[in-house]
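Before any comments, here is the structure.
The values are calculated or read from the model by the stated rules, or taken from the named source; none is laboratory data. Small disclaimer: the values here were computed from a predicted structure and weren't measured. Cβ sites come from the backbone with ideal geometry, for glycine too, and all protein chains shown count toward neighbours.
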Amino acid sequence: MSPTETSTTPTDQVVDTSYPFAAVPPQDAVQRYVAISAERPMTRMTMPIGGDVWVIHRNAAARDMLSDPRFVRKPFRTGERAVPYFVEFPDFLKSTIQFEDPPHHTKLRKLVQKSISPKRVRAMRESAVEFANELIDAMVAKGNSANLVNDYAVALPIQMLSNLLGVPPEDRPKFQKWSAATLAVANMPEDEVVQNMTELFMYLTALIEDRRKNPREDLLSDLANAPDKDDSLTDGEILPIAMILIVAGFDNTANFICSGVLSLLKNPDQLAVLLEDVDAVAPTAVEEILRNGRMAIYDTVAGGGGLVPFVATEDVEIDGQVIAEGEAVLVDPASVNHDAVAVADPGTFDVRRKDNPHLTLSYGLHHCLGAPLARMEMQVAISELFKRLPDLRLAGEAVVDDDNLTQPITVLPVTW
Amino acid sequence: MPKVFYVQPDGTERVIDGVAGDSVMSTAVRNGVAGIVGQCGGSLSCATCHVYLAAEDQQHFDAPSEDEDDMLDCTASDREDSSRLSCQLILSEGVDLHVTIPDEQA
């Protein structure tokens, strides 16, 4: 695609539909995304690393691709080809379930998903509420201001995942320190990251060994003692699962809790809607925070981003565009979440939005394994915070680490 | 055209004209029926398209497979005898279906 295409809106205003695009004000970014997806289902672009990739803009086309088994990740896993992306993927991620295909993917996923199923997560909600309130108690006891990242948003997901994996309470401080090394928000020097990750690996290996001998009701026990020969997993298979849960479960969730709180503080009218009936509105508010992403937070937003790519195993036509055998394809969540065909009035941040087919947690075989847990944690974190501290407000500018791929909020100063 | 009657937990009903060969889940998702998420796209790995199938419609389907049965144990709302994952309920010509959506899905 040429980078200079334009499109006309119903008001005959010319909108630049080149993609990717440099940072523009959020409303302009939305307008561009709407025009791009109206004009074409996808754009072929060259990534900073790994060559060319098709980037899908239309919500329905993205769902078609994500649920089509002819798109796989094997060539990335084996190293046959580089992953076309904005940054290099760490090798340990390529050995995880995220880069597996059926049938091995199915086996791994089946073993883990029961432990993070909607049912299990519902049973965890009460303890999440209790823990969120303990954190708020501690913040209030210290004074009338806090950095919400450290004092709240990171602590809650770590506690939930420790419970899920079966990390004993006395080991939690160590576990939190090591796990923080995997967090973008921690911003740790490289040698410290390596040392912490090594200690985390050693700790988990020992814990898996213990759970094999002394099983309890937790995920590591489930994995270490999978029921029959077909399902049995080696430590080499269990470790990457634990690691990806840590990486995905802490960092992304903490990040979304922060961006959710910040989106609400920056949109007082929507915060007022939430405060009218926090428990009732929180579920749709969380979906809207996931859909809206960076739009309600930043002064400018650049166009470009992506979920992990796939490779076509044969020529496949998606929404009129052929993706040739061997070509890579990915979904830009910001783009498909602002496709006006799928999402009415996509530029509006609406915490009561009912139809919200966002793809931030992906779709299909590789949809976010922890989605029910992430949703519950976000709902609880936001509900409890605003119920307890309805006058919460910003006490300074939020700090965002733009050098990091996930652009995490590293400092979120608040007062009440 | 087979029709699907979707009843929300509050009793409101939506009727969608479906296409034979499509599932109750994909028909719901395509038409924006609230309460059916179907995040895994029908690959039996999310338990977010849980529905209660009307008694008179159960004759049209085989009992849940082992994989569906496993996932039905993972649903957010309680499993009942009529519980099915709607991605496994495929529409047929001349057969209308009636499903009730549970309180919680994910």
Hey, any hits in region A:86-106 for a residue that's more than 30 Å from A:Ile49 (Cα to Cα) and within 22 Å of the chain's Cα centre (by Cα)? no
With touching a Phe, Trp or Tyr at 6+ places or on another chain (Cβ under 9 Å), buried (at least 17 other Cβ atoms within 10 Å of the Cβ) and over 22 Å from A:Pro283 (Cα atoms) as the only criterion, which of B:Val51, B:Val33, B:Val15, B:Val24 stands out? B:Val24
Is region A:357-377 home to any residue that is under 22 Å from A:Ala138 (Cβ atoms) and either in contact with a Gly (Cβ under 6 Å, 6 or more places away or on another chain) or outside any loop (DSSP other than H, G, I, E, B) (or both)? yes
Of the residues that make up region B:15-24, is at least one under 15 Å from B:Cys87 (Cα atoms) and within 14 Å of chain A (Cβ to nearest Cβ)? yes
Would you confirm whether any residue within region A:310-324 is touching a residue at least 60 places away in the same chain (Cβ under 8 Å), surrounded by 18 or more Cβ atoms within 10 Å (Cβ to Cβ) and either part of a helix (DSSP H, G or I) or under 23 Å from the mean Cα position of the chain (by Cα) (or both)? yes
Taking interchain pairs and intrachain pairs at least six residues apart, which have beta carbon atoms under 8 angstrom, with the first residue in region B:37-50 and closer than 12 Å to A:Ala371 by Cα and the second among the hydroxyl-bearing types (Ser, Thr, Tyr) and modelled with pLDDT under 90? B:Ser45/A:Thr106; B:Ala47/A:Ser117
Kindly evaluate A:Gln27 against the criterion of being under 18 Å from A:Val343 (Cβ atoms) and either among the basic types (Lys, Arg) or surrounded by fewer than 21 Cβ atoms within 10 Å (Cβ to Cβ) (or both). yes
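Residue-wise test of (1) among the polar types (S, T, N, Q); (2) out of contact with any strand residue (DSSP E or B) (no Cβ under 6 Å at 6 or more places or on another chain); (3) modelled with pLDDT of 95 or more.
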site: A:Ser18; (1), (2), (3): yes, yes, yes
site: A:Ala38; (1), (2), (3): no, yes, yes
site: A:Val53; (1), (2), (3): no, no, yes
site: A:Leu66; (1), (2), (3): no, yes, yes
site: A:Phe71; (1), (2), (3): no, no, yes
site: A:Gly79; (1), (2), (3): no, yes, no
site: A:Ala82; (1), (2), (3): no, yes, no
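Scan region A:16-43 for residues that are assigned to a strand (DSSP E or B) and more than 24 Å from the chain's Cα centre (by Cα) and jot them down. Before the answer, list the steps.
Kept after step one, since they are assigned to a strand (DSSP E or B), are these residues of region A:16-43: A:16, A:21-24, A:42-43.
Answer for region A:16-43, where residues must be assigned to a strand (DSSP E or B) and more than 24 Å from the chain's Cα centre (by Cα): just A:Asp16.
So, in region B:26-38, exactly how many residues are within 13 Å of the chain's Cα centre (by Cα) and within 11 Å of chain A (Cβ to nearest Cβ)? Don't jump to the end; show me each part of the working.
Initially, region B:26-38 is screened for residues within 13 Å of the chain's Cα centre (by Cα), giving B:26-29, B:33-38.
With the extra rule that they be within 11 Å of chain A (Cβ to nearest Cβ), the set shrinks to B:26, B:29, B:33-35, B:37-38.
Residues that pass the stated criteria total 7.
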Across region A:97-141, what is the number of residues that are part of a helix (DSSP H, G or I) and within 13 Å of another protein chain (Cβ to nearest Cβ)? 21
What residue, among those in region A:142-151 that are at pLDDT 95 or above and part of a helix (DSSP H, G or I), is nearest to the other protein chains (Cβ to nearest Cβ)? A:Leu148
Output the residues belonging to region A:379-416 that are touching a Phe, Trp or Tyr at 6+ places or on another chain (Cβ under 6 Å) and either part of a helix (DSSP H, G or I) or free of Cβ contacts under 8 Å to residues at least 40 places away in the same chain (or both). A:Asp391
Checking the structure you have, find out if any residue of region A:95-103 is under 16 Å from B:Asp70 (Cβ atoms) and crowded, with 17+ Cβ neighbours inside 10 Å. no
What do you reckon, is A:Val112 under 29 Å from A:Gly249 (Cα atoms), of a type in the set (Val, Ile, Thr), touching a residue at least 12 places away in the same chain (Cβ under 8 Å) and in contact with a Ser or Thr (Cβ under 9 Å, 6 or more places away or on another chain)? no
Here the residues within region B:51-89 that are in a helix (DSSP H, G or I), within 11 Å of chain A (Cβ to nearest Cβ) and under 14 Å from the mean Cα position of the chain (by Cα) are B:Met71, B:Leu72, B:Cys87
Among the residues of region A:343-365, what is the count of those that are out of contact with any Lys or Arg (no Cβ under 7 Å at 6 or more places or on another chain) and at the interface with chain B (Cβ under 9 Å from one of its Cβ atoms)? 7
Restricting to region A:325-351, count the residues that are of a type in the set (D, E, K, R) and surrounded by fewer than 16 Cβ atoms within 10 Å (Cβ to Cβ). 2
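Mind listing whichever residues of region A:64-94 are polar (S, T, N, Q) and either closer than 30 Å to B:Cys87 by Cα or in a helix (DSSP H, G or I) (or both)?
Within region A:64-94, just A:Ser67 meets the criteria.
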